[in-house]
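Please treat every number below as a calculation from the coordinates, not as lab data. These numbers were taken from a predicted model, which means no experiment stands behind them. Note: ideal-geometry Cβ built from the backbone for every residue, glycine included; neighbour counts use all protein chains shown.
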Amino acid sequence: MGTPYKSPLGINASKTDIESFAEDVAQKAGFNPGDSIEKLVERSGGKLEVGSSGSGDDESGSIVARAMNDYTIYLSRHTSLARDRFTIAHELGHLLLHFRKIQEENPGAVMRATRWVDENDEQQKRAEWEANWFAAAFLMPAEKFTDFFNENDKNLDATANHFRVSVAAAEIRSKSLGLST
């Protein structure tokens, strides 16, 4: 019998609560915008690998979590470093938001999250949204993002470069914070 993989399910916390949690995690970890997220993963017991975790994640990232300090994040061979940072933060979101619930309900289970979720499963889809909210706030904390964005004449390229994210991620964050349309 193989490993009993479980997919993350939403915790149904509000976007505001998840973003606040992400900013608190970053602060407690001493992680500042632009810092190496790769080193953070290593310090917390995780590993990064380029390639697939087995199926359904060749074109995007995934995570296999065996314990809070024993996990592997898989990155696509086809993405940029800026995109990879968001992917890593997204997968950390799954670890920090969703893994404990899996362990409580299924002791010994291994969490495996890929981009491909059951579109008929609202809780799996919710977990993806929650991990995205976590990643955005972790990499681009609201106050720091707002200050930098406004001080730099709402220049998305400069903002993306400062936070070491893709222009698309910076644009989505600026819209979600009501800084642009």
Amide hydrogen neighbours beyond the local backbone of LYS6, cut-off 5 Å, H modeled: VAL110, MET111, ARG112
Region 36-45 - phi-based ³J(HN,Hα) in whole Hz, Karplus 6.51/-1.76/1.60, Gly and Pro as x: 6, 6, 5, 5, 4, 4, 4, 5, 8, x
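Counting helices only, and only those DSSP H runs with n ≥ 4, report the 222 nm mean residue ellipticity of the chain as the sum of -39,500 (n - 2.57) divided by its residues, in deg cm²/dmol to the nearest 500.
Working: 7 runs with 93 residues, N = 181.
Helices in the chain give a 222 nm mean residue ellipticity of -16500 deg cm²/dmol.
For the chain, what is the charge dipole size about the Cα centre, in debye to the nearest 20, if Lys and Arg each add +1 at the Cβ and Asp and Glu each add -1 at the Cβ?
Details: 21 positive and 28 negative charges, 55 e Å.
My answer is approximately 260 debye.
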Would you look at the GNM of the chain, springs on alpha carbons closer than 10 Å, and say which of ASN120, ASN12, ASN69 moves the most? ASN120
Show me the ranking of peptides 85-91, 112-118 by mean Cβ neighbours inside 10 Å, starting with the highest. 85-91, 112-118
